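What follows is a short report on a single structure.
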Amino acid sequence: MMRVRAKLGRVRDLWRYPVMGLQGERLQTAEIREAGVVGDHRYVFQDSKVGRVIDPVTYAHRWGETLAFPSMLDLRARFAPGGSTRLDIVTPNGRVLSSGDPDFQTRIGETLGVPVKLMEFPQIAETRLRSGRALHLITTASLDSMKNLYPEGDFDPRRFRPNIVVGSQPKRNGFAEESWVGESIRIGPEVVLRVEKTNTRCKVTTMKQDDLPSDGKILETISQKNGNVLGVMCSVAKGGIVAVGDEIESSPAEIDDLVQPLGTPRPSLKETSAIETRFSQVGRLAEWKPVS
């Protein structure tokens, strides 16, 4: 017998991050496929002198360790209006640098203080599908709980780079989404996500961006009070369109038998670590291609 669906909240914010390490763009609607929000984490910048990907912090990705450039968080990436694949990068003074301009990479390099190349990774969909990290979700209940633990801190969602911010049900508190791990949730009329794992946090949560100040106690509080995790990572069981305001509810058990990811079947939780090991070679820098 089909279970009754429990109402979990509504979509408060939708975010996409076209370039790894840069601020993202807030959306009113988003298309979700098996690899997550379409266009999310599609590009990186590479230091063209040493051939390494740059990021706000040093981090060991599958394609190697990144070079740290905290000033990346001063830049905001968005796709140009009208469904274009052209990138616009907005600088702190409001200047818009377009990837269609011949001097685009030169201008970005001048802003960051390092010569760069814009690179695209065609295999990103397969990599994210296999690792169960297609999409990041966080609830306002979790953010409010952290604020209660550290009242002086600003737990703005932008610090945590989620794709979906869930406006939790009234009076719901605690780290609500952690109880959804291993379950499916439905968003709006089309999308079904499988909540795979909690999300371990890193130093980026403490760093200055826009009007958010640098604050080391943000990560310290998460580490001490919640085991250094906040939010969850999801795979996509059924894609579609989501919009701000869409209702989010638990998905009956039977849905798991009806909706599977396109292509390769979704791995079980027990298989995840083994799959991540097998795919540790996926995404070597040689597989990234320059964007002309």
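Of note:
Okay, residues lined up against (1) in the same structural domain as S251 (by TED's automatic domain parsing); (2) among the polar types (S, T, N, Q); (3) under 17 Å from the mean Cα position of the chain (by Cα); (4) over 28 Å from L75 (Cβ atoms):
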| site | (1), (2), (3), (4) |
| --- | --- |
| I164 | yes, no, yes, no |
| P170 | yes, no, no, yes |
| V195 | yes, no, yes, yes |
| R201 | yes, no, yes, no |
| D210 | yes, no, no, no |
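- For region 1-33, filtering for residues that are surrounded by 21 or more Cβ atoms within 10 Å (Cβ to Cβ), more than 13 Å from the chain's Cα centre (by Cα) and either assigned to a loop (DSSP other than H, G, I, E, B) or among the basic types (K, R) (or both) leaves 0.
- For region 181-196, the set of residues classified as surrounded by fewer than 19 Cβ atoms within 10 Å (Cβ to Cβ) and farther than 12 Å from G239 by Cβ consists of V181, G182, E183, P189, listed by residue number.
Here's the yes/no breakdown for (1) hydroxyl-bearing (S, T, Y); (2) closer than 16 Å to G132 by Cα; (3) out of contact with any Leu (no Cβ under 6 Å at 6 or more places or on another chain); (4) without any contact (Cβ under 8 Å) to a residue 12 or more places away in the chain:
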residue	(1), (2), (3), (4)
S168	yes, no, yes, no
S184	yes, yes, yes, no
M233	no, yes, yes, no
K238	no, yes, yes, no
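- Test result for G245, part of a loop (DSSP other than H, G, I, E, B) and either in contact with a Lys or Arg (Cβ under 9 Å, 6 or more places away or on another chain) or within 23 Å of Y17 (Cα to Cα) (or both): yes
Yes/no per residue for (1) touching a His at 6+ places or on another chain (Cβ under 9 Å); (2) at pLDDT below 50; (3) of a type in the set (V, I, T):
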residue: K225; (1), (2), (3): no, no, no
residue: S235; (1), (2), (3): no, no, no
residue: G240; (1), (2), (3): no, no, no
residue: V244; (1), (2), (3): no, no, yes
residue: I255; (1), (2), (3): no, yes, yes
residue: V259; (1), (2), (3): no, yes, yes
residue: S273; (1), (2), (3): no, yes, no
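- Picking from residues in region 145-162 that are assigned to a loop (DSSP other than H, G, I, E, B) and under 19 Å from the mean Cα position of the chain (by Cα), the one that is surrounded by the fewest Cβ atoms within 10 Å (Cβ to Cβ) is D156.
The values are calculated or read from the model by the stated rules, or taken from the named source; none is laboratory data. Note that the structure is a prediction, hence the values are computed from the model and not measured. Don't worry about glycine lacking a Cβ; one is built from the backbone with ideal geometry, like all the others, and counts go over all protein chains shown.
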